[in-house]
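Working notes, beginning with the structure itself.
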Amino acid sequence: MIANPYIVATNLVRIFRSEDVETFALQGLDLTVQHGEMVALIGPSGAGKSTFLNLLSALDRPDAGTLFVGDIDVVAATDRQRAEYRRSHVGFLWQQTTRNIIPGLTARENVALPALLAGVSPLAAYAGADELLDAVEMADHRHRDPLRMSGGQQQRIAIATALGCKPPLLLADEPTGEVDWASAERILALLQKLRRDYALTIVLVTHDSRVADVADRTIAIRDGRTSSERGQDDVETVVVDAAGRLQLPGELRQRIGLTARATVALMDGGIMVRPWSADVSPRTDGENS
Ligand code: ADP
């Protein structure tokens, strides 16, 4: 039980609708993160990790559920409050390092830009950029073009840029996805150091358990929910859409070998879903006899 949590997500649901398909990217996600924690969200591709980060960075809104960061109600906030939250409260480190970097600007100009856009005076913005470049050990490279740097160096510039407005929360989507393990280790050590120096809370997404090991805590996400080891008799909650479609957790489908077709039957006041098999499939009209 966390006494004074910083991030509290309760029953978050996010459904993506296209013409005839609804994808339940989040199906009632609950999680809490403590002030100053470094948490790794881990889970297979498609589990809903990036969807959650997008909600946490107020780039997207959930279909249901609540999300508090400190005393900010991220879901109920107005567009203006959400823009302010994005600008001053969260730093975002994208998976592709180059997405964090504006081409044609030097490292120093890149790092100063968020503060300049936020209305900070050029003198203060460049002083802040110099401090951050120092913190990520890239001070000597401040006048270089980041796009000509190595992957690890680019990532350092990207981290400094994400912290340009000194946000209390840093979100990172696969921050070590594009560099080798030696560079990844250095970046993770740097994130730990920055967390201490800038009193950051860090939420990072990864599918690499070595990255997760560096975090204080790992939260496993599967099928749009936080997952724990499930026993045979554990009950799952799934969302049923207006057309009666429900999305069965991949792990349960795997366990019973459920692929493209299933049989359903009323049983004990519920519905039993079994993998379809020619031997036991319900008879269709005309085959009865
Ligand atoms: P992860 O980050 O864990 O790989 P995502 O959050 O990217 O997972 O995706 C969760 C599910 O939601 C996937 O099935 C994905 O295809 C779907 N999804 C994510 N974003 C969109 C979108 N913008 N439109 C439609 N489906 C989406």
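All told, A160 meets the bar of being at pLDDT 95 or above and of a type in the set (A, V, I, L, M). Residues in region 23-65 that are closer than 17 Å to H89 by Cβ and small (G, A, S): G36, S57, A58.
Only a single item in (1) aliphatic (A, V, I, L, M); (2) crowded, with 17+ Cβ neighbours inside 10 Å; (3) more than 12 Å from the ligand (Cβ to nearest atom) is not met by A64, and it is number (2). For region 170-200, the set of residues classified as in contact with a Phe, Trp or Tyr (Cβ under 8 Å, 6 or more places away or on another chain) and surrounded by fewer than 22 Cβ atoms within 10 Å (Cβ to Cβ) consists of D173 only.
Considering only residues that are touching a helix residue (DSSP H, G or I) at 6+ places or on another chain (Cβ under 8 Å) and among the hydroxyl-bearing types (S, T, Y), which ones fall in region 40-91? Answer for region 40-91, where residues must be touching a helix residue (DSSP H, G or I) at 6+ places or on another chain (Cβ under 8 Å) and among the hydroxyl-bearing types (S, T, Y): just S57. Would region 65-83 turn up any residue that is farther than 28 Å from K193 by Cβ, in contact (Cβ under 8 Å) with a residue 60 or more places away in the chain and over 16 Å from the mean Cα position of the chain (by Cα)? Taking every residue of region 65-83 in turn, none turns out to be farther than 28 Å from K193 by Cβ, in contact (Cβ under 8 Å) with a residue 60 or more places away in the chain and over 16 Å from the mean Cα position of the chain (by Cα). Would you check if P5 is more than 9 Å from the ligand (Cβ to nearest atom) and in contact with a Ser or Thr (Cβ under 6 Å, 6 or more places away or on another chain)? So P5 passes the test. Of all residues in region 33-58, those satisfying the criterion of being near the ligand (Cβ under 8 Å from one of its atoms), assigned to a loop (DSSP other than H, G, I, E, B) and in contact (Cβ under 8 Å) with a residue 40 or more places away in the chain are G43, P44, S45, A47, G48. A count restricted to region 97-125 and to residues that are within 22 Å of A184 (Cβ to Cβ) and free of Cβ contacts under 8 Å to residues at least 40 places away in the same chain stands at 1. Looking at (1) within 16 Å of the ligand (Cβ to nearest atom); (2) surrounded by fewer than 17 Cβ atoms within 10 Å (Cβ to Cβ); (3) among the small types (G, A, S), find the lone condition where G28 falls short. Checking G28 against (1) within 16 Å of the ligand (Cβ to nearest atom); (2) surrounded by fewer than 17 Cβ atoms within 10 Å (Cβ to Cβ); (3) among the small types (G, A, S), the one that fails is (2). Within region 150-157, can one find any residue that is surrounded by fewer than 18 Cβ atoms within 10 Å (Cβ to Cβ), more than 14 Å from I102 (Cα to Cα) and not β-branched (V, I, T)? For region 150-157, residues surrounded by fewer than 18 Cβ atoms within 10 Å (Cβ to Cβ), more than 14 Å from I102 (Cα to Cα) and not β-branched (V, I, T): present.
Mind checking whether some residue in region 108-121 is loosely packed, with under 14 Cβ neighbours inside 10 Å and at pLDDT 95 or above? Yes, some residue in region 108-121 is loosely packed, with under 14 Cβ neighbours inside 10 Å and at pLDDT 95 or above. The set of residues in region 153-210 that are over 23 Å from Y126 (Cα atoms), in a helix (DSSP H, G or I) and not hydroxyl-bearing (S, T, Y) comprises W181, A182, A184, E185, R186, I187, L188, A189, Q192, R210. In region 12-25, of all residues being at pLDDT 95 or above and more than 8 Å from the ligand (Cβ to nearest atom), the one that is surrounded by the most Cβ atoms within 10 Å (Cβ to Cβ) corresponds to L12.
Here K49 clears all of (1) at pLDDT below 95; (2) crowded, with 17+ Cβ neighbours inside 10 Å; (3) over 25 Å from A199 (Cβ atoms); (4) not acidic (D, E) except the condition numbered (3).
The values are calculated or read from the model by the stated rules, or taken from the named source; none is laboratory data. This is a predicted model, so every value here is computed, not measured. Glycine gets a Cβ as well: all are built from the backbone with ideal geometry, and neighbour counts include every protein chain shown.
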